[in-house]
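What follows is a short report on a single structure.
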Amino acid sequence: GAGVSQSPSNKVTEKGKDVELRCDPISGHTALYWYRQSLGQGLEFLIYFQGNSAPDKSGLPSDRFSAERTGGSVSTLTIQRTQQEDSAVYLCASSFRGGINEKLFFGSGTQLSVL
Amino acid sequence: GENVEQHPSTLSVQEGDSAVIKCTYSDSASNYFPWYKQELGKRPQLIIDIRSNVGEKKDQRIAVTLNKTAKHFSLHITETQPEDSAVYFCAASNSGGGADGLTFGKGTHLIIQP
């Protein structure tokens, strides 16, 4: 596709339910990143993929959060047993090879609301 | 780990005036400093970046300066226009590669007053 695509754009869920967020990076980009943006906060790094492997999972806030990437393309971020504090915009980004100085291309994000 | 502080959190300037946003970082090994602009309801986009081997970089009305000794860098926007209204994020990268080493500031909401 022309850019990074995320779905759904909005997700409302009840506390305790599981949610799955999807990111489709730019074709050919090997590096993929997930960030969380809470109201009034910056971009909080969650996880980074290089191909299908995730060399850095240090940003995942708890074991309720997991992510996978298959085929070196689409990635899913799963949040189990959602809590109200999980409400935020989840942004995905990709870059060509993940090298330093590379431009990040962001998706439009998924607005997650946990009631 | 790296810590990036950004201020002010909100900046309001008159159209046509200049705006300056400042960031400091903690890791002296950081060597790449991008700035991202996020307009309301839209995705962040890279607007300018600077590497540690230069002190200043300009692109039309936008410039970024870097002081490695003091570990701070700034974004300067001259002749501000309404379309400059957005949230601006600075970031610092301290790894040998990959944005897994990219730490963002909390953002500055720039408001251009007509």
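The values are calculated or read from the model by the stated rules, or taken from the named source; none is laboratory data. Please read these numbers as outputs of a predicted model, since none were measured by experiment. Don't worry about glycine lacking a Cβ; one is built from the backbone with ideal geometry, like all the others, and counts go over all protein chains shown. Calculation scope for accessible area: heavy atoms of the full protein, side chains included, ligands and nucleic acids excluded. Shrake-Rupley method; radii C 1.70, N 1.55, O 1.52, S 1.80 Å.
So that you can scan it fast, the table gives a plain yes or no per residue for (1) open to solvent by 40 Å² or more (accessible area, probe 1.4 Å); (2) free of Cβ contacts under 8 Å to residues at least 40 places away in the same chain:
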{"residue": "B:1", "(1), (2)": "yes, no"}
{"residue": "B:22", "(1), (2)": "yes, no"}
{"residue": "B:33", "(1), (2)": "no, no"}
{"residue": "B:39", "(1), (2)": "yes, no"}
{"residue": "B:49", "(1), (2)": "no, yes"}
{"residue": "B:93", "(1), (2)": "no, no"}
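Residue A:49 meets all of the listed conditions (1) more than 21 Å from residue B:87 (Cα to Cα); (2) in a loop (DSSP other than H, G, I, E, B) but one, namely (2). Note on the stretch A:67-83: residues that are hydroxyl-bearing (Ser, Thr, Tyr) and over 10 Å from the mean Cα position of the chain (by Cα) total 3.
Taking the stretch A:58-98 as the range and being within 14 Å of chain B (Cβ to nearest Cβ), surrounded by 15 or more Cβ atoms within 10 Å (Cβ to Cβ) and in a loop (DSSP other than H, G, I, E, B) as the test, the residues that pass are A:59, A:60, A:98. Among the residues of the stretch B:66-80, the ones that are in contact with a Ser or Thr (Cβ under 9 Å, 6 or more places away or on another chain), among the polar types (S, T, N, Q) and open to solvent by 40 Å² or more (accessible area, probe 1.4 Å) come to 2 in all. Going residue by residue through the stretch A:71-89, is there one that turns out to be modelled with pLDDT of 90 or more, hydrophobic (A, V, I, L, M, F, W, C) and farther than 30 Å from residue B:48 by Cα? Yes - at least one qualifying residue is present in the stretch A:71-89.
When B:86, B:70 are screened for being more than 10 Å from the chain's Cα centre (by Cα), modelled with pLDDT of 90 or more and under 24 Å from residue A:94 (Cα atoms), only B:86 passes.
Of the numbered criteria (1) more than 10 Å from chain B (Cβ to nearest Cβ); (2) basic (Lys, Arg); (3) open to solvent by 30 Å² or more (accessible area, probe 1.4 Å), the one residue A:36 fails is (3). Exactly one residue out of B:43, B:61 is within 11 Å of chain A (Cβ to nearest Cβ) and over 13 Å from the mean Cα position of the chain (by Cα): that is B:43. Take the residues in the stretch B:51-60 that are in contact with a strand residue (DSSP E or B) (Cβ under 6 Å, 6 or more places away or on another chain) and open to solvent by 60 Å² or more (accessible area, probe 1.4 Å), then tell me which one is modelled with the lowest pLDDT. So, considering only residues that are in contact with a strand residue (DSSP E or B) (Cβ under 6 Å, 6 or more places away or on another chain) and open to solvent by 60 Å² or more (accessible area, probe 1.4 Å), the one modelled with the lowest pLDDT is B:51.
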